[in-house]
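Only one structure is covered here, and it is reproduced in the block below.
Just so it is clear, none of the values below were taken in a lab; they were calculated from the coordinates. Computed from a prediction, not measured in an experiment: that's the story for all the values here. Because the Cβ atoms are built from the backbone with ideal geometry, glycine has one as well, and the counts that use them run over all protein chains shown.
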């Protein structure tokens, strides 16, 4: 099983664990673009019990297009978004892959909400592309 570790920009929040990703991909939805300040967000979903998070985080809750409540967890000191939780994905922690200590540990397999990709940030052609979010497990 791959070892995972990561931290925020200032180091006040960190995580470590061992887990096979349930999902590794790039999300091009409007919410991810805005919350990442980029053209997409690189995400890796893992079973929540497999990752130990240390440090205090703040959360910002919002309703997703799916109707789920998504909470973006970030460092209150430096503002780095660390992970997300989603009411439609109980028991799953969705790590922001750019916080990984070893960014090459992230290998995106899918691009979701590819239909919403910006002209200047198109989905990775090496990934399986979905116009919207496919059901988990597909």
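Going by the alpha-carbon gyration tensor, a ≥ b ≥ c the square roots of its eigenvalues, is the stretch 1-60 rounded (a/c under 1.5) or, if a/c is not under 1.5, prolate (a/b greater than b/c) versus oblate?
Oblate is the answer for the stretch 1-60, as a/c is 1.5 or above yet b/c matches or exceeds a/b.
Calculate the translational D of the chain in whole µm² s⁻¹ from Stokes-Einstein, where the hydrodynamic radius comes from the Kirkwood formula applied to all Cα pairs, the temperature is 25 °C and the viscosity 0.890 mPa s.
163 µm²/s
Based on the Cβ-Cβ distance from residue 69 to residue 131, what FRET efficiency comes out when R0 is 35 Å, to the nearest 0.05?
Computed FRET efficiency for residue 69 and residue 131: 0.90.
If I model a spin label as a point 7 Å beyond the Cα along the Cα-Cβ vector, how far apart are those points for residue 37 and residue 3 in nm?
3.1 nm
Arranged from highest to lowest average of other beta-carbon atoms within 10 Å per residue, in what order do the peptides 126-132, 38-44 appear?
38-44, 126-132
At 0.36 nm per residue, and after removing the present C-alpha to C-alpha distance, how many nm does the segment from residue 54 to residue 90 gain when stretched out fully?
Between residue 54 and residue 90, full extension yields 10.9 nm more.
Say each of residue 116 and residue 18 gets a label point 7 Å from the Cα, pointing the same way as Cα to Cβ; how far apart are those two points in nm?
For the pair residue 116/residue 18, the computed spacing is 3.6 nm.
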